[in-house]
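Peer 1: Let me give you the structure first, and then I'll get to my questions.
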Amino acid sequence: MADRYDPRVIEPKWQARWEADRLYRAPDDDPRPKWYELAMFPYPSGDLHTGHWYHYAGADVHPRYMRMRGYNVLYPMGFDSFGLPAENAAIQRGVDPAAWTRANIANMRRQLRMMGSSFDWEREVVTSDPDYYRWTQWFFLQLHKRGLAYRAEAAANWCPGCQTVLANEQVVNGRCERSDDVVQRRFLTQWFFKITAYAEELLRYEGIEWPERIRLAQTNWIGRSEGALLDFKVDVPGVTEPLRVFTTRPDTVFGATFMVLAPEHPLVEQVTTAKQRGPVAAYVDETSRESEIERMSTEKEKTGVFTGAYAINPFNGARIPIWIADYVLVTYATGAVMAVPAHDQRDFEFATKFGLRIVPVFDSEEFDVTKPLERALPHGGRMINSGSFDGTPEAEAVAKVIAFAEQRGYGKATVNYRLRDWLISRQRYWGAPIPMIHCDVHGIVAVPEADLPVLLPENVTFEPTGQSPLTQIPEWVNVACPVDGGPARRETDTMDTFMCSSWYQMRYVDPHNPERPFSTELARKWLPVDQYTGGADHAVMHLLYTRFFWKAARDMGIVEGDEPMLRLFNQGTLLGPDGQKMSKSRGNVVAPDEQVREWGSDAFRCQLMFVGPWDQGGPYNPTGMSGIVRWLNRMWSVATEPARPLEDQASEGTRDLRRSTHRTIRAVTSDIESFRFNTLISRLMEHTTTLQRARERGAVDRSAWNEAVDSLLLMAAPLAPHIAEELWERRGGVYSIHLQRWPDFEAELAEEEQHEVVVQVNGKVRDHVIVGLGATEAEVRAAVMASVRVQEWVAGRTPRRVVYVPGKLFNIVL
RNA sequence: GCCGGGGUGGCGGAAUGGCAGACGCAGCGGACUUAAACUCCGCGGCCGCAAGGCAUGAGGGUUCGAAUCCCUCCCCCGGCACCA
């Protein structure tokens, strides 16, 4: 029986047994309270890398704990399997994206099973399966029906490498998030989702416990700003349309000395004078060729061109020039600004460069505003140069100016958001087809729900044309119009893969339903997700989209509650042994399959969790593995070796062992609930050492020993499930350890029998005294004063005061 | 520039107002062994013979007491960034 710990034997054995017994299945009809734990599903790149292990090793701990806490735990897994890599493989190597994806999924499923994670595989979803994407298409139709999906010609982010458009969220520093190509701007007619309709609600995070950094990232991304829309008359014959600007500082309107339009602004064409037509056209052309990176560079000196036209400030009738400049973005607010150089640094730089007037409209304590300014003053004291408003303090100015403008009909208070609508069209093959049909007679017609799914055709050819392969398949494109059966054409764009992952947590509750995306009853039973885990890199993409989808689904009446995931935990990034990001080019990649072959899944999981706090990530050093392996062997040893005579019931050793057991349970329970897995393991190591020592001494009570060993195995089970199960069985425990109750601790047994009080003189540690549990301050004081070392330091002086922290510390201040 | 996270032994880290360095790696010494591996025991911040002093990125402050709270600054990582 006491053979050696060999993970290569026990791990496959238990994995097979658990699967045969459907141990981790979450039954729908179960009276226990539910717990829905979800780990972000992977893209099936083909190989489970160490980053995946780091995520899923940690993610598996808490659902296992909740199961032992008596919950009916739903912990599913699946694959986010649409997307570019499959198509790139097809283009580069001529493989079929579907076959490539299937093979990758098969391999990653094998690797995930090798971890021994407690997934309920019977609920697996694969987003590129027609059974799944049929309902992604269904969601598109529901959003369309509710006016949340629309088509618009808009400047799109075009990735020349991927030959497709990107959502704003997928553009990182002007480059494609995936291929790193410099993003260009292109005007295309695209499908959008009206996520901005939920902007205000998305800023509220009521009832959810999400990390502050994620909430802040979303809040910044949504970018709410309060201000006013103001209408300026355009002093050009024939132009009646006002020039509308958004400003957060309507109180500076008297200081507006010029206007700036984005080069793409529709008014540019109408207002430009004959004389300025040449330079304006040249500037517009120049900016249209700039990449996002060039245009967005903040280091760049301001550029711009005068249109020759003027606008009239409605507040004071001033006639001010209209310029165009690329620092004004057509996509934000109205695409036009009133420039107040005295109080806005960008406008100041522009005015300085082009010799435009600078008029301060707030006085300042820092500067003499009658002299030329050296920089813009964003804040001031009271209004000046502002007609009847002069003397108004800054705090009251905005409201007063808006009220004035509203009364006269040329302005109103408004809220503007930085968030843009979600561009979901992709000119790609490997995605869910957008279920719409273009008919010359009836326009854009939705595919009837009964006709879903719109199947993705197979055996397509890939040419680097910039056109989706779908456009090259006439028998797929040409279709009967759903209204009258006349000739029509399918939409050939497919959907952004973030749509697939925006609702997958809903499908897991009823993954095989052929009639509906999921039944309302099961949604009510399982949703929302109680605990979600995944990387923080999805802060403004997946995690924002899925909240939007949920709110839309709530408004459709198919889910209840306002938020899809109640608690979120972001694990950090695991780095290579050199502290650098793991990458093949750096040669610092740790291959999980090799680690498992050499050390076993349990050891690898524990080592990953032991390197540091899970939310911080950090360097992974395989040399540290020996410490974990030593610990697992020590655990094996105390749990399998027959104990020597263990009969002394009242011994100090017995009391120490009991105390260690109950203290460890208390600490580990707290650690597991707050995802502090590194300190959890260190506490289990300490408890194991205590057991070893107790065994060597021999004089401990049998029941205390059994309680200590059983607790150790139960607490190790969520982190090292195989060895815990094996040892549990060898000790005659009831199968399975993973269905046993989590141990409880008794507070009295966890307490020390004596306190060691730290003795300080003037805040410096000079001695320690041992006192009984119930010792009064007077007793402690007596013990302290009896100390020879204390007497030496006090040297006969009278303490000015003493500070006593009961049971902990006694400080004598001289 | 703005926002967030961080800076502690040779290394990963622990301690969130009360003994700085738990736990582990690496290292050193010892036991066992013919020897090695395994295992076990012990030692490991710096200066100092010692008493003691000094140490948590730097400097200042609050406090009987600060890695922890406050102020000023430096460095590293991540996000956002001409958003009117």
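Peer 1: What is the gain in length, in nm to one decimal, between residue A:300 and residue A:286 on full extension, counting 0.36 nm per residue of separation less the C-alpha to C-alpha distance?
Peer 2: Details: separation 14, 0.36 × 14 = 5.04 nm, distance 1.48 nm.
Stretched out fully, the residue A:300 to residue A:286 stretch lengthens by 3.6 nm.
Peer 1: I've got another one for you. Among the aspartates and glutamates, which fall within straight-line cross-link reach of residue A:233, defined as a Cα-Cα distance under 12 Å, with same-chain neighbours fewer than 8 residues apart omitted?
Peer 2: The reachable aspartates and glutamates, counting only those whose Cα sits under 12 Å from residue A:233, are A:241.
Peer 1: Another one. Expressed as cubic angstrom per residue, what is the convex hull volume of the alpha carbon set of region A:657-814? Intermediate values should be presented prior to the final figure.
Peer 2: Values: hull volume 22.8 nm³, N = 158.
Once divided by residue count, the hull of region A:657-814 is 144 Å³.
Peer 1: Let me ask something else. Could you please rank A:183, A:447, placing first whichever residue has the fewest other Cβ atoms within 10 Å of its Cβ? Intermediate results must be reported in sequence, preceding the final value.
Peer 2: Working: A:183 26, A:447 21.
Listing A:183, A:447 from fewest to most nearby Cβ atoms yields A:447, A:183.
Peer 1: For residue A:480 paired with residue A:756, estimate the spin-label separation in nm (one decimal), with each label point 7 Å from Cα along the Cα-to-Cβ line.
Peer 2: Each label point lies 7 Å from its Cα, and together they span 8.7 nm.
Peer 1: Sort A:400, A:275 so the one with the fewest other Cβ atoms within 10 Å of its own Cβ comes first.
Peer 2: Values: A:400 16, A:275 10.
Least crowded to most crowded, the residues run A:275, A:400.
Peer 1: How many nm separate the modelled label positions at residue A:670 and residue A:181, each set 7 Å beyond the Cα in the direction of the Cβ?
Peer 2: Using points 7 Å along Cα→Cβ, the separation is 5.4 nm.
Peer 1: Contour minus end-to-end for residue A:32 and residue A:99, with contour as 0.36 nm per residue of separation and end-to-end as the Cα-Cα distance?
Peer 2: Values: separation 67, 0.36 × 67 = 24.12 nm, distance 4.08 nm.
Contour length minus the Cα-Cα distance gives 20.0 nm.
Peer 1: How would you rank A:244-256, A:688-700, highest first, on the average number of other Cβ atoms within 10 Å across their residues? Let's see the in-between values first.
Peer 2: Values: A:244-256: 23.8, A:688-700: 18.2.
Answer by packing, highest mean first, reads A:244-256, A:688-700.
Peer 1: Can I ask one more? Give me the distance in nm between label points sitting 7 Å out from Cα along the Cα-to-Cβ direction at residue A:521 and residue A:420, one decimal.
Peer 2: Reported label-point gap for residue A:521 and residue A:420 is 4.6 nm.
Peer 1: Right, another one. Can you tell me the FRET efficiency between residue A:689 and residue A:441 if r is taken as the Cβ-Cβ distance and R0 is 60 Å, rounded to the nearest 0.05? The partial results should precede the final answer.
Peer 2: Values: r = 81 Å, r/R0 = 1.35.
In this case the efficiency is close to 0.15.
Peer 1: Kirkwood hydrodynamic radius of region A:93-185 from all distinct Cα pairs, in Å? If you can, show how the numbers build up before the last one.
Peer 2: Values: mean 1/r = 0.0592 Å⁻¹.
By the Kirkwood definition, the hydrodynamic radius is 16.9 Å.
Peer 1: Using alpha carbon centroids, what distance separates region A:699-740 and region A:597-643, in Å?
Peer 2: Region A:699-740 and region A:597-643 have Cα centres spaced 17 Å from each other.
Peer 1: Moving on to the next point. How would you rank A:135, A:221, going from fewest to most other Cβ atoms within 10 Å of each one's own Cβ? It would help to have the intermediate numbers written out before the result.
Peer 2: Numbers: A:135 24, A:221 17.
If I rank by nearby Cβ atoms, fewest first, I get A:221, A:135.
Peer 1: Shifting gears a bit: State, as an integer percentage, the relative contact order of chain A based on alpha-carbon contacts under 8 Å between residues 6 or more apart. Don't skip to the answer; put the middle values down first.
Peer 2: Values: 1465 pairs, mean separation 113.7, N = 814.
Relative contact order here is 14 percent.
Peer 1: So if the hydrodynamic radius of region A:406-541 is defined as the Kirkwood radius over C-alpha pairs, what does Stokes-Einstein give as its diffusion coefficient at 37 °C and 0.692 mPa s, in µm² per second?
Peer 2: On the way: Rh = 18.7 Å.
The diffusion coefficient I find is 175 µm²/s.
Peer 1: Place the peptides A:98-107, A:48-57 in order of packing, highest mean first, counting for every residue the other Cβ atoms within 10 Å and averaging per peptide.
Peer 2: On the way: A:98-107: 17.5, A:48-57: 21.5.
Put in order of decreasing packing, that is A:48-57, A:98-107.
Peer 1: Please grab the % of Cα pairs in chain A that end up more than 34 Å from each other.
Peer 2: On the way: 211604 of 330891 pairs.
Roughly 64 percent, once rounded to a whole number.
Peer 1: Kindly state, to the nearest 0.05, the FRET efficiency for residue A:6 paired with residue A:413, given R0 = 60 Å and r defined as their beta-carbon distance. Let's see the in-between values first.
Peer 2: Working: r = 72 Å, r/R0 = 1.21.
Efficiency for this residue pair is about 0.25.
Peer 1: How much length is gained on full extension from residue A:795 to residue A:374, taking 0.36 nm per residue of separation minus their Cα-Cα distance? Don't jump to the answer; show the numbers that get you there.
Peer 2: Details: separation 421, 0.36 × 421 = 151.56 nm, distance 6.57 nm.
Length difference between fully extended and current span is 145.0 nm.
Peer 1: Next question. If you count, for each residue, the other Cβ atoms within 10 Å and average over each peptide, how do A:320-329, A:436-445, A:184-193 line up from highest to lowest?
Peer 2: Values: A:320-329: 21.6, A:436-445: 15.4, A:184-193: 17.3.
Ranked from most to least packed, the peptides come out as A:320-329, A:184-193, A:436-445.
Peer 1: Which of the aspartates and glutamates could be linked to residue A:584 by a straight reach, that is with a Cα gap under 18 Å, when you skip same-chain ones fewer than 8 residues away?
Peer 2: Within reach: A:47, A:180, A:593, A:594.
Peer 1: With 20 Å as the limit, write out which pairs from A:764/A:808; A:194/A:551; A:525/A:551; A:302/A:412 have Cα-Cα distances beyond it, or answer none.
Peer 2: Numbers: A:764/A:808 14 Å; A:194/A:551 12 Å; A:525/A:551 18 Å; A:302/A:412 30 Å.
Long pairs (Cα-Cα over 20 Å): A:302/A:412.
Peer 1: Calculate the FRET efficiency for residue A:17 and residue A:615 from the Cβ-Cβ distance with a Förster distance of 25 Å, rounded to the nearest 0.05.
Peer 2: Working: r = 33 Å, r/R0 = 1.33.
That pair, residue A:17 with residue A:615, gives E of 0.15.
Values quoted throughout were computed directly from the atomic coordinates according to the rules given, and no laboratory measurement underlies them. Quantities reported herein were computed from a predicted structural model and do not represent experimental measurements. Every residue, glycine among them, receives a Cβ derived from its backbone with ideal geometry; neighbour counts consider all protein chains shown.
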